[in-house]
Amino acid sequence: MASCKRKCLLNNLRGLWMHTTPIIYRLKKALYGLKQAPRAWYERLTQFLVDNNYTRGSVDKTLFIKRDNDELFIAQIYVDDIVFGSTNNTKVQQFVDVMSLEFEMSLVGELSYFLGLQIRQMHDGIFITQAKYAKNLVKKFGLEKAKHCDTPMSTTLKLSKDASGKSVEQTLYRGMIGSLLYLTASRPDISFSVGVCARYQADPKESHLSSVKRIIRYVNGTSNYGIWYSFDTNASLVGFSDADWAGNVMIVLGLCSIARKNCSYIWICMW
């Protein structure tokens with residue numbers, strides 16, 4: 001538990017013995033529930049790791065790295081949960097020993113589930129999926145019995161603002177988009193389709209809702225899809241790009257014409 005840097009005072013807590021005179025307590029530790037508790041805990045943990053020669057990520061401040069020649073150790077912090085691994089098992093045990101001396105820890109074991117991600121570690125690679133989350137998503141929006149789709153988006157339909165279309169409930173539409181956006185963590189095959197539908201959250205129409213439901217129906221038939229990281233993958237990033245011609249349809253208000261713009265697509269992956 002981290003120390004309080006700011007002065008935090010409390011009245012007599014319910015359930016404690018009541019004094020005849022009013023007593024005010026000053027917290028020395030940041031208890032769970034305080035607004036400053038997560039920040040205080042993270043600052044203490046960060047300082048401890050930095051003091052032990054772990055380097056904090058320049059982009060992701062919750063990522064800590066330690067390199068020793070060709071050996072690599074990585075630790076990812078999420079509140080009070082830590083996911084860590086190394087190319088050398090000795091480095092893993094060293095981290096456990098160092099942390100155990102400073103904090104009370106409980107080791108869960110080999111990573112298999114984290115923040116909705118299901119991780120399967122096999123002899124030839126690692127498979128990451130959100131199958132359970134995907135099935136719950138489909139059930140949440142009542143489409144578990146709907147017919148499956150082979151593709152997340154129609155190849156012939158071009159979405160637009162559809163100003164003359166019938167409006168639908170924003171809360172439902174945004175809830176669907178938000179749920180699908182979280183699923184894209186392990187499903188790059190729906191990223192583009194979800195991104196297109198997300199453009200119309202301000203004023204969704206029936207045509208937009210129909211497209212989102214199609215994505216969910218596609219997910220229903222492909223809930224076991226995920227990302228496969230094979231051990232023979234190298235560390236090189238490879239990028240692919242493409243563009244369509246006048247594929248982005250935009251209705252110009254007040255004019256009897258349609259403005260079309262080119263869309264560029266970029267995909268970057270480990271190859």
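At full extension, PHE240 and ASP51 could sit 64.0 nm farther apart than now, given 0.36 nm per residue minus the alpha carbon distance.
Per 0.36 nm of contour for each residue apart, how much would the distance between ARG44 and ASP80 grow if the chain were fully extended, relative to their Cα-Cα spacing?
11.8 nm
The length gained by stretching the chain between ASP70 and THR87 to full extension, at 0.36 nm per residue less their Cα-Cα distance, is 5.2 nm.
Between SER100 and ASN224, what FRET efficiency comes out of the Förster formula 1/(1 + (r/R0)^6) with R0 = 45 Å and r the beta carbon distance, rounded to 0.05?
Efficiency, rounded to the nearest 0.05: 0.75.
Cβ crowding within 10 Å ranks CYS197, CYS149 as CYS149, CYS197, fewest other Cβ atoms first.
Taken about its Cα centre, segment 36-109 carries a charge dipole of roughly 220 debye when the Cβ of each Lys and Arg holds +1 and the Cβ of each Asp and Glu holds -1.
Read-outs throughout are calculated quantities, based only on the coordinates presented, and are distinct from any laboratory measurement. The structure displayed is predicted, hence computed values, not measured ones. Because the Cβ atoms are built from the backbone with ideal geometry, glycine has one as well, and the counts that use them run over all protein chains shown.
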